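To start, the structure under review is shown below, and the notes come after it.
The values are calculated or read from the model by the stated rules, or taken from the named source; none is laboratory data. Remember, predicted model here, so these are calculated numbers, not experimental data. Using ideal geometry, Cβ is built from the backbone for each residue, glycine included, and neighbour counts are taken over all protein chains shown. Quick note on the areas: whole protein, heavy atoms, side chains included, nothing else; ligands and nucleic acids left out. Shrake-Rupley method; radii C 1.70, N 1.55, O 1.52, S 1.80 Å.
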Amino acid sequence: MAANAFQHALKNEGFSICLVESPDIATIGVGEGSTPHLKRFFDNLNINEREWMPSCNATYKNGISFIDWTEHLPENRYFHPFPSIIDRQTAGAFLNNCMARHHGHSVDVNPDHYFLAKTLSANGYGPLTLPGQPSIAMNYAYHFDSNLLGKFLAKKGKDAGVAHIQGKFVKAYNNESGDISHIELQDKRKLHADFFIDATGFASYLLQQHCDVKFDSFESSLFNDSAIALPSEVASPILAETKATALTHGWAWHIPLTNRTGNGYVFSSKYTNFEDAELELRKHLGETNNTVSENTSARHIKMKVGQVKKSWCNNVMAIGLAQGFIEPLEATALHMVMDSIDLFLQTFKNGEYKNSDRSTFNKAVSNRYLGIKDYIVCHYKVNQKAKGEYWTDCRNIEDISDNLKTVLDAWQHKQDITPVLEKLGMLNYYPAISWYCLLAGYGYFSHVTNTKLDNANIGFGQQDKARMQTFLKQRAAQFTLHEDLLRAK
Ligand SMILES: Cc1cc2nc3c(=O)[nH]c(=O)nc-3n(C[C@H](O)[C@H](O)[C@H](O)COP(=O)(O)OP(=O)(O)OC[C@H]3O[C@@H](n4cnc5c(N)ncnc54)[C@H](O)[C@@H]3O)c2cc1C
């Protein structure tokens with residue numbers, strides 16, 4: 001991604017980009033979900049969905065279904081949509097009902113009943129309208145095979161003029177100023193450059209190992225440090241959503257691709273081990289009708305969760321897993337890659353292609369990690385799971401940021417959290433609707449004291465819940481079925 005983006009942005013500025021990749025070291029091969037940033041990435045490179053999606057077995061993503069995270073609620077699931085302009089027609093009712101619920105009224109606060117993205121997903125629609133129907137612009141993302149996406153982008157990069165060298169990095173050499181002057185490959189080739197991007201995954205050979213930049217672990221507030229990946233047969237129908245299901249010591253992802261479903265269990269090794277976690281995942285897949293073929297073995301993956309103290313040091317910038325990783329609950333890793341690329345290009349250009357504005361960049365990238373981290377930590381901190389040491393310990397997480405404490409405090413004091421998020425600068429990372437969906441979706445309210453108001457009969461004009469549902473269903477009927485969209489590719 002970085003090589004393509006830099007080639008696109010810098011080729012007319014006199015830079016040439018070279019990508020070094022070891023044929024002996026595989027990419028991590030997981031990471032199949034995205035945020036809407038990915039669409040903007042491809043749009044910027046003028047790469048059409050019809051070109052890249054079939055090459056990567058990709059599907060559309062309207063949002064994420066959180067299942068079994070709210071077992072105290074009758075529905076025990078809620079949907080986190082990617083907010084879209086059409087939501088303005090229904091979000092007011094949702095927000096008003098959240099306030100009414102804060103004040104003890106028994107109103108419907110499950111976001112599932114207010115957002116078009118959920119209605120689309122639940123009824124098998126993708127995020128694009130039918131030909132001939134008035135267009136409704138949905139904010140959407142994708143699922144894809146990350147190995148195939150890597151290969152696709154490698155070819156695109158080469159076609160665009162990126163030099164692609166196959167070779168294994170073994171050593172870096174500094175010049176007198178402390179910058180890296182060149183790197184050496186196993187076959188003794190020496191590669192000189194003005195600037196180096198470390199995209200070597202968790203190993204981070206250049207930034208963390210050679211430049212000795214330290215890593216800040218998030219383990220005191222995000223416990224999950226392990227994952228198991230285990231694909232199952234293709235889903236039928238293929239829904240345009242990720243499923244994130246809470247399990248005993250973490251959660252399982254289900255990501256539908258056109259040729260298989262990617263599944264996995266993200267968990268904490270302090271509470272279980274790979275063998276037991278794999279048994280639990282296999283049982284869960286069986287119970288949810290995900291067929292795993294007998295010959296399919298599971299992959300066991302260790303995760304390093306946290307961020308480097310600075311992403312850009314001297315003439316090296318780390319990107320991707322070399323730079324940091326927040327566990328994949330909201331599929332934000334590639335989002336951070338794209339944000340880092342954009343911020344770097346902006347800073348590098350503003351600084352006249354020198355290293356002068358590194359600290360501005362480092363602060364901005366770090367704040368982004370921390371902003372995303374707050375949102376992810378919140379899923380664990382306010383969890384309402386009844387049983388189990390893991391979930392109890394998550395509820396008791398003490399290491400939470402002042403920002404997150406302020407937001408939760410405002411929520412508990414029945415305030416509108418939108419101005420609070422705005423004042424704290426947190427809307428740069430997640431919009432207010434996402435925070436409301438999370439907290440209301442979790443049913444994170446005090447007890448109902450007044451049951452006089454029921455259904456969504458405030459906020460949406462004078463219309464009742466049934467009329468809200470009719471509105472959403474009518475709009476959804478303007479959309480193309482997800483499987484038809486995939487067949488059209
Ligand atoms: C369980 C899990 C789930 C995830 N889910 C998501 C998700 O849903 N969405 C999302 O956005 N992200 C997700 N991620 C993160 C995502 O996988 C990564 O951000 C993404 O794949 C990019 O990885 P990378 O390129 O930084 O590292 P890698 O994929 O590890 O690639 C490292 C590259 O460096 C090369 N290399 C390494 N050493 C050398 C060497 N000595 N010489 C030459 N080349 C070398 C390798 O050949 C390889 O090409 C997930 C991660 C995990 C662990």
Completion exercise
Condition set touching a Lys or Arg at 6+ places or on another chain (Cβ under 8 Å) and among the β-branched types (Val, Ile, Thr), scope the range 1-39, selection nearest to residue 337 (Cα to Cα): answer is 30
Problem - Residue among 114, 78, 142 that alone is at pLDDT 90 or above, closer than 27 Å to residue 56 by Cβ and touching a Phe, Trp or Tyr at 6+ places or on another chain (Cβ under 8 Å) - result: 142
Problem - residue 352 vs. criteria modelled with pLDDT under 95 and either at negative phi or within 13 Å of the ligand (Cβ to nearest atom) (or both) - result: no
Practice task
Inspect the range 345-364 for any residue being within 21 Å of the chain's Cα centre (by Cα), open to solvent by less than 10 Å² (accessible area, probe 1.4 Å) and not hydroxyl-bearing (Ser, Thr, Tyr) and give the result as yes or no.
Solution key: no
Fill in the blank from the handout: The correct count of residues that are in a strand (DSSP E or B) and either near the ligand (Cβ under 9 Å from one of its atoms) or within 20 Å of residue 266 (Cβ to Cβ) (or both) in the range 296-317 is 6
Exercise for the section: State whether one or more residues within the range 100-114 are touching a Pro at 6+ places or on another chain (Cβ under 9 Å), open to solvent by 30 Å² or more (accessible area, probe 1.4 Å), under 28 Å from residue 416 (Cβ atoms) and touching a residue at least 12 places away in the same chain (Cβ under 8 Å). Expected result: no
Fill in the blank from the handout: Log entry, pairs with first residue in the range 261-277 being more than 13 Å from residue 298 (Cβ to Cβ) and outside any strand (DSSP E or B), second being open to solvent by 10 Å² or more (accessible area, probe 1.4 Å) and within 13 Å of the ligand (Cβ to nearest atom), beta carbons closer than 9 Å, six or more apart or on different chains, reads 268/225; 269/225; 269/302; 270/225
Fill in the blank from the handout: For the range 4-28, the count of residues that are more than 7 Å from the ligand (Cβ to nearest atom), farther than 19 Å from residue 191 by Cβ and not in a helix (DSSP H, G or I) equals 0
Practice task
Taking residue 153 as the residue in question, decide whether it is among the hydrophobic types (A, V, I, L, M, F, W, C), modelled with pLDDT of 95 or more and open to solvent by less than 20 Å² (accessible area, probe 1.4 Å).
Solution key: yes
Exercise for the section: Evaluate the following for residue 147: is it part of a helix (DSSP H, G or I), more than 20 Å from residue 7 (Cα to Cα) and either open to solvent by 40 Å² or more (accessible area, probe 1.4 Å) or of a type outside the set (Ser, Thr, Tyr) (or both)? Expected result: yes
Exercise for the section: For the range 318-349, name all the residues that are more than 27 Å from residue 266 (Cβ to Cβ) and either within 15 Å of the ligand (Cβ to nearest atom) or aromatic (Phe, Trp, Tyr) (or both). Expected result: 344, 348
Problem - Qualifying position, being charged (D, E, K, R) and touching a residue at least 12 places away in the same chain (Cβ under 8 Å), among 283, 214 - result: 214
Completion exercise
Exactly one of 238, 228 is open to solvent by less than 60 Å² (accessible area, probe 1.4 Å), at pLDDT 95 or above and more than 16 Å from the ligand (Cβ to nearest atom), and that residue is 238
Problem - Whichever residue in the range 425-459 is within 31 Å of the chain's Cα centre (by Cα) and at pLDDT below 55 and, among such residues, is most open to solvent (accessible area, probe 1.4 Å) - result: 459
Practice task
Can you work out which of the residues in the range 303-318 that are open to solvent by 10 Å² or more (accessible area, probe 1.4 Å) and aliphatic (A, V, I, L, M) is nearest to residue 211 (Cα to Cα)?
Solution key: 305
Problem - Neighbours by Cβ (under 7 Å, 6+ apart or cross-chain): first from the range 8-25, open to solvent by 90 Å² or more (accessible area, probe 1.4 Å); second more than 15 Å from the ligand (Cβ to nearest atom) - result: 11/161
Problem - Scope the range 90-128; condition of a type in the set (Lys, Arg) and over 23 Å from residue 412 (Cα atoms); matching residues - result: 118
Problem - Check on residue 212, of a type in the set (D, E, K, R), within 14 Å of the ligand (Cβ to nearest atom) and farther than 24 Å from residue 7 by Cβ - result: no
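Yes or no, residue by residue, for (1) surrounded by 12 or more Cβ atoms within 10 Å (Cβ to Cβ); (2) under 24 Å from residue 303 (Cβ atoms):
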position: 157; (1), (2): yes, no
position: 162; (1), (2): yes, no
position: 171; (1), (2): yes, no
position: 174; (1), (2): yes, no
position: 177; (1), (2): no, no
position: 191; (1), (2): yes, no
position: 196; (1), (2): yes, no
position: 214; (1), (2): no, yes
